[in-house]
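Reading through the structure tokens given below for one structure.
The values are calculated or read from the model by the stated rules, or taken from the named source; none is laboratory data. Given the structure is predicted, the values throughout are model-derived calculations rather than measurements. All Cβ positions, even for glycine, are placed from backbone atoms using ideal geometry, and neighbour counts span all protein chains on display.
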Amino acid sequence: MRIIDFHCHFFPDELAGRAIPRMEASSGCRAFTDGTRAGLLRSMDRAGIESALVLPVATNPEKVSSVNRFSASVAEPRLVIAGALHPKSPVWAGDIKEVIALGFKAVKLHPEYQNFRADEPEYLPFFAALRDSGLLLVFHAGQDLSYNPPWGGAPSQLAWLLDQLPGIKIFASHLGGYRMWDEFERCLLGRPVYMDTSFSFGEISDERIRSLIVRHGPDKVFFGTDSPWLDQKTEVENVLRLGLGAELEEKLFNGNAIRLLPELESP
Ligand SMILES: [Zn+2]
């Protein structure tokens with residue numbers, strides 16, 4: 001079966017050697033690749049993954065444009081890279097225009113790295129412009145191992161955003177909200193929000209993961225690994241172990257990804 005990973009990271013070669021040890025120290029997680037593009041491709045080969053969505057984060061507003069120009073310069077047919085935005089950028093409207101001009105179809109936001117809360121009214125104009133752009137908005141959702149509460153992308157906060165701006169295309173990583181799955185069930189289950197499978201296995205039972213996927217709607221769930229922070233091969237095995245059946249596996253591993261981002265189809 002064709003496998004597409006909807007949640008990956010790599011760093012520019014000259015940055016990976018510094019970024020990975022720093023992030024390992026702050027999160028207590030071990031990286032499963034060296035953090036480079038070549039390392040990601042080797043991991044994909046080992047796991048039988050054909051193509052992947054890469055999700056860079058601009059950790060401050062000044063970096064938005066350079067991150068996007070770097071991402072746009074990467075010519076690797078197996079990787080589709082998302083744009084980066086920062087809600088605190090004083091020139092966010094121009095940033096969104098640049099993201100669209102460079103051809104990105106999705107953008108990544110990380111409330112903890114970027115120090116904002118999704119339910120702060122001051123960001124509504126920014127999110128309204130994103131909704132109108134049609135861009136897919138990929139959130140780090142739920143807790144983050146490198147940070148302490150309060151959280152900025154909790155399921156209740158994403159639900160608030162969805163209430164304010166119906167039609168906004170929210171992707172809530174980590175099965176709707178890392179270590180906040182009770183809140184996810186209360187606030188987002190079944191609603192028009194996408195999510196990936198990363199960082200759920202071993203956190204909650206396989207039975208509960210299967211139940212969340214089926215009840216939320218298998219058309220809205222994507223295979224994602226958060227590589228390098230999890231091992232892609234192990235994550236493929238974890239999803240297969242759920243015994244979802246061929247039809248649902250096809251949706252998670254490739255069908256939903258190709259429908260949402262057709263560029264992922266042909267490596
Ligand atoms: Zn990630």
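Which condition from (1) crowded, with 16+ Cβ neighbours inside 10 Å; (2) away from the ligand (no atom under 16 Å from the Cβ); (3) not in a helix (DSSP H, G or I) is the one that I96 breaks?
(3)
Out of region 17-37, which residues are touching a residue at least 12 places away in the same chain (Cβ under 8 Å), over 19 Å from the mean Cα position of the chain (by Cα) and in a helix (DSSP H, G or I)? Even if it seems obvious, please write down each step before you answer.
Residues of region 17-37 that are touching a residue at least 12 places away in the same chain (Cβ under 8 Å), as a first pass: 17, 19-20, 23, 26-29, 31-37.
Then drop every residue that is not over 19 Å from the mean Cα position of the chain (by Cα), which leaves 17, 26, 28, 34.
Hits for region 17-37 are G17, S26.
Test of understanding: among V64, V80, which residue is β-branched (V, I, T) and either assigned to a helix (DSSP H, G or I) or at pLDDT below 95 (or both)? So that I can check it myself, show each step before the final result.
On the way: V80 fails: either assigned to a helix (DSSP H, G or I) or at pLDDT below 95 (or both).
Result of the check over V64, V80: V64.
Sort through G167, G152, G134 and tell me the only one that's within 16 Å of the ligand (Cβ to nearest atom), among the small types (G, A, S) and modelled with pLDDT of 95 or more.
G152
Looking at L109, L85, L145, can you tell me which residue is under 27 Å from A25 (Cα atoms), surrounded by fewer than 22 Cβ atoms within 10 Å (Cβ to Cβ) and within 16 Å of the ligand (Cβ to nearest atom)?
Numbers: L109 fails: surrounded by fewer than 22 Cβ atoms within 10 Å (Cβ to Cβ); L85 fails: surrounded by fewer than 22 Cβ atoms within 10 Å (Cβ to Cβ).
After applying the criteria, what remains is L145.
Taking the stated definitions as given, is D45 surrounded by fewer than 20 Cβ atoms within 10 Å (Cβ to Cβ), away from the ligand (no atom under 15 Å from the Cβ) and not in a helix (DSSP H, G or I)?
Considered against the rule, which asks whether it is surrounded by fewer than 20 Cβ atoms within 10 Å (Cβ to Cβ), away from the ligand (no atom under 15 Å from the Cβ) and not in a helix (DSSP H, G or I), D45 comes out as no.
Among the listed residues D206, D182, which satisfies the condition of being away from the ligand (no atom under 16 Å from the Cβ), free of Cβ contacts under 8 Å to residues at least 60 places away in the same chain and either farther than 24 Å from E247 by Cβ or of a type in the set (K, R) (or both)?
Just a single option satisfies the conditions, and that option is D182.
Residue check, F32 against (1) modelled with pLDDT of 95 or more; (2) more than 18 Å from S198 (Cβ to Cβ); (3) not β-branched (V, I, T), all met but one. Which one?
Single failed check for F32: (2).
Check L15 against each of (1) modelled with pLDDT under 95; (2) within 14 Å of the ligand (Cβ to nearest atom); (3) more than 21 Å from T234 (Cβ to Cβ) and name the one condition it does not meet.
Evaluating L15 over (1) modelled with pLDDT under 95; (2) within 14 Å of the ligand (Cβ to nearest atom); (3) more than 21 Å from T234 (Cβ to Cβ) leaves (2) as the failure.
Restricting to region 199-226, what's the tally of residues that are closer than 18 Å to H140 by Cβ and either charged (D, E, K, R) or in contact with a His (Cβ under 7 Å, 6 or more places away or on another chain) (or both)?
Total meeting the criteria: 7.
Residue pairs, Cβ under 8 Å, 6 or more apart or interchain, first in region 218-244 and touching a residue at least 60 places away in the same chain (Cβ under 8 Å) and small (G, A, S), second in a loop (DSSP other than H, G, I, E, B) and within 14 Å of the ligand (Cβ to nearest atom). List them.
G224/S173; G224/T197; G224/S198; S227/H9; S227/F32; S227/T33
Exactly one condition in (1) more than 16 Å from the ligand (Cβ to nearest atom); (2) in a loop (DSSP other than H, G, I, E, B) is not met by Q114; state its number.
Every condition holds for Q114 apart from (1).
If we scan region 153-174, do we find a residue that is of a type in the set (F, W, Y), touching a residue at least 12 places away in the same chain (Cβ under 8 Å) and touching a Gly at 6+ places or on another chain (Cβ under 7 Å)?
Here is the first cut: in region 153-174, the residues of a type in the set (F, W, Y) are 160, 171.
Still in the running and touching a residue at least 12 places away in the same chain (Cβ under 8 Å): 160, 171.
Restricting the remaining residues to those that are touching a Gly at 6+ places or on another chain (Cβ under 7 Å) gives none.
No, the conditions are met nowhere in region 153-174.
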